[in-house]
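One structure below.
The values are calculated or read from the model by the stated rules, or taken from the named source; none is laboratory data. Here the structure is a predicted model, which is why all the values come from computation and not from measurement. Note: ideal-geometry Cβ built from the backbone for every residue, glycine included; neighbour counts use all protein chains shown. Only protein heavy atoms, including side chains, enter the accessible area calculation; ligands, DNA and RNA are left aside. Shrake-Rupley method; radii C 1.70, N 1.55, O 1.52, S 1.80 Å.
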Amino acid sequence: MSLDHPQELLKPVSLRLIYLSFALAIMAELIPLPVGSTRWMPDFIGLLLIYWAINQPRLVGVGTGFTIGLIADIATAGLFGQHALAYSISCYLAQMRQRQLVMFNLGQQSLVVLALLLTNQIIMVLARMATGAAFVGWHYFLPPLIGALLWPLLTKVLLAPYRQKH
């Protein structure tokens, strides 16, 4: 059975895996990269929040998005609260339609993830511009596209440990 079938029965998700995935995503944000290479890097923290908010809505929600967003703000030394605001809104939007999203195939989910990641970027740009920063340019909206393209791979990787062995 394919991994994108909603009828597939899975083992219960370990809370340890959720925490570990967020820790790895935050550490990935801290990796020093050459100037300009971050233009294409997707927001791994945002991707994981959306994934867990859709697939484990009882464990990861708006409060988790806000908390992880504050940690991301501290880790990236960005405008304090911009990630928290963006992540909590995207978690809310994902959970608002969670029952429909789990029934979508991975291609349809990727389109929704693209919209949610673009929403994150727009919120963060508007927050920075509200404090007097200049518009960063249209290249700032490329990472959500790459994140949406990575969505099927992320889903398959995170589901692999929980598939039932036949």
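Sorted from greatest to least, the principal axis extents spanned by the alpha carbons of segment 1-129 come out as 43, 28, 28 Å. Shape analysis of segment 85-126 places it in the oblate category; the axes a ≥ b ≥ c from the Cα gyration tensor give an a/c of at least 1.5, with a/b not above b/c. Considering only alpha-carbon pairs that sit under 8 angstrom and 6 or more positions apart, the relative contact order computed for segment 49-94 is 43 percent.
Looking at the chain, identify the longest residue range that excludes and avoids all chymotrypsin sites (Phe, Trp or Tyr not before Pro) in DSSP loops having at most 14 other Cβ atoms within 10 Å. Spell out each step's value before the answer.
Working: sites that count: W40, F80, F135.
After excluding every exposed loop site, the longest remaining stretch is 81-134.
Note that segment 15-23 has calculated 3J(HN,Hα) couplings of 4, 4, 5, 4, 4, 5, 5, 5, 4 Hz, one per residue in order, obtained from phi through the Karplus relation 6.51 cos²θ - 1.76 cosθ + 1.60 (θ = phi - 60°); glycine and proline are x.
Measuring gaps between exposed loop sites in the chain (trypsin sites (Lys or Arg not before Pro); DSSP loop; at most 16 other Cβ atoms within 10 Å), the longest gap, sites not included, is 98-164.
Rounded to the nearest 500, what is the chain's calculated 222 nm mean residue ellipticity when only DSSP H runs of at least 4 contribute -39500 (n - 2.57) each, over all residues?
On the way: 7 runs with 105 residues, N = 166.
Helix-only estimate at 222 nm: -20500 deg cm²/dmol.
Across segment 18-82, C-alpha contacts under 8 Å between residues 6 or more apart give a mean separation that, scaled by the residue count, equals a relative contact order of 31 percent.
On segment 62-148, 72 percent of the accessible area sits on carbon and sulfur atoms, based on a 1.4 Å probe. Counting only heavy atoms of the protein chains and using a 1.4 Å probe, S14 has close to 40 Å² of accessible surface. Once C-alpha pairs closer than 8 Å and six or more residues apart are averaged by separation and normalised to the residue number of segment 1-121, the relative contact order reads 27 percent. Computed from the Cα positions only, the extents of segment 74-166 along the three principal axes stand at 57, 25, 22 Å, in decreasing order.
When peptides 109-121, 23-35 are sorted by average Cβ neighbour count within 10 Å, with the highest value leading, the order is 109-121, 23-35.
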